[in-house]
Amino acid sequence: MESNSRLFDRIRIHPDAPEVAQPDEVRCDHVGCQRPGEFRAPMGRDHEGQYFCFCVQHVREYNASYNYFNGMSDDAIARYQKDAIIGHRPTWSMGVNRAAKGHREEGMDTAEDTLGLFKNRFAHKRAAREPHRPRQNGVTLRSLHALGLDEGADAVTIKNRYKQLVKRLHPDANGGDRSSEDKLREIINAYNYLKGVKLA
């Protein structure tokens, strides 16, 4: 369409007349402004749930300068941010009834827990009694199994078991019989692996 078309002649542009709030509309809360207050803006700290009503121009100005923490010290701001993590709700420490706690621990240590409800409650006490054993990988477990041992075996037990099996399965000890040579090779490989990972 060309700019000198007769359709453009029918378009009339009126100068912007200033908006004025109607009697039943809320006016802008900015001093001296008569426009409708269509946009809400929070009044600030200690006035939660209360709002100013501004026109679009004044709400933009207000939002640009708004600071909820205005007038608060750095320590007060830090406390507010820390409390915001828990929603500004009070918290209490767990297990404040010390008399009941002592009674409960004594009773639970001796009581029978048939359903296993409290098996983890005193795990720290059991852990102090039982030495910590690292979990073994699959190759280590297979090597121990080849020697006929479980994963709790220590270095002395592994070495003694290895010596017993070699003496029993070696062809010289069996009158030159080589039928157990494969088993002997498996035991030697298992022992060498356990020695390499510092378990024997």
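Only the coordinates and a few stated rules stand behind these numbers; no lab work does. Since this is a predicted model, take the numbers as computed values, not measurements. Don't worry about glycine lacking a Cβ; one is built from the backbone with ideal geometry, like all the others, and counts go over all protein chains shown.
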> With the dipole of the range 18-88 worked out from charges on the C-beta (+1 for Lys and Arg, -1 for Asp and Glu) around the Cα centre, which of Ser65, Phe39, Ala76 lies farthest toward the positive end?
Replying inline: Ala76
> Suppose every K and R has +1 on its Cβ and every D and E has -1 on its Cβ; what is the size of the dipole of the range 138-196 about the Cα centre, in Debye to the nearest 20?
Replying inline: 140
>> Quick check on the exposure proxy: order Tyr62, Tyr191 from fewest to most C-beta atoms within 10 angstrom.
In response: Tyr62, Tyr191
> Under a Cβ-Cβ cut-off of 13 Å, what is the net charge of the residues other than Tyr66 that fall near it, where Lys and Arg count +1 and Asp and Glu count -1?
Replying inline: +2
> Ordered by residue, what ³J(HN,Hα) values in Hz, to whole numbers, does the range 179-191 give under the Karplus form 6.51 cos²θ - 1.76 cosθ + 1.60, where θ = phi - 60° and Gly and Pro are x?
Replying inline: 5, 9, 5, 5, 5, 4, 4, 4, 5, 5, 5, 5, 5
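Determine, for Cys33, Cys55, Cys28, the number of other Cβ atoms within 10 Å of each Cβ, and report the residues in order from fewest to most.
Details: Cys33 16, Cys55 20, Cys28 24.
Listed from fewest to most nearby Cβ atoms, that is Cys33, Cys55, Cys28.
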